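Take this structure, written in structure tokens, and hold onto it; I'll ask about it next.
Each reported figure results from applying straightforward, stated rules to the coordinates on display, with no laboratory input. Computed from a predicted model, the values in this text were never measured in an experiment. Reconstructed Cβ throughout: ideal geometry from the backbone, glycine too, with neighbour counts over all protein chains shown.
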Amino acid sequence: MGRVRREWRTPKKARFFGLLERGLSIPAAAKELSLDRVTAWRWTKKQVPEPERRTRPLSQNLGGSRLVTDEHINQMIPWITGYYERRVLPLQTIAQEACGITASERTLRRAWARWGYYHHTSDSKPFFTKDQKLRRFLFAVKN
């Protein structure tokens, strides 16, 4: 026969699950019984089978509705296509002018990432300084 832990077998655990059945939340029941919150979560995780633990369908969003929807992205793409002066604008300005929405930079980057776009720096070379130009000119003349 295995070792039996007095504290975690019936009394406290039974009272804990009794409080949960009465409608208390897990942290509230743990606090009332002076039980560590992590232990309480572990007990409920082990006690309740997986399908019953799920409180929302898998397809449902955790947060609210998306601020930048697919329709907004579909409006922004033609707005910036073919116009360099529009493409170089910050994402917040593009969203404001094309769709009339105000969103944070992070929200807009995530929305564009859903469509496969990502932020990248330009690949242009830096301008030459006068010293570099002079050295190149002297090299070209010499060779």
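Under 12 Å from the Cβ of L91, count the other residues' Cβ atoms, weight Lys and Arg +1, Asp and Glu -1, and hand me the total. Intermediate values should be presented prior to the final figure.
Details: positive: R86, R87, R106, R109, R110; negative: E97, E105.
With Lys, Arg at +1 and Asp, Glu at -1, the net is +3.
Here's a follow-up. Multiplying the sequence separation of R106 and Y118 by 0.36 nm and subtracting their Cα-Cα distance, what value in nm do you get?
Working: separation 12, 0.36 × 12 = 4.32 nm, distance 1.15 nm.
That works out to 3.2 nm of additional length.
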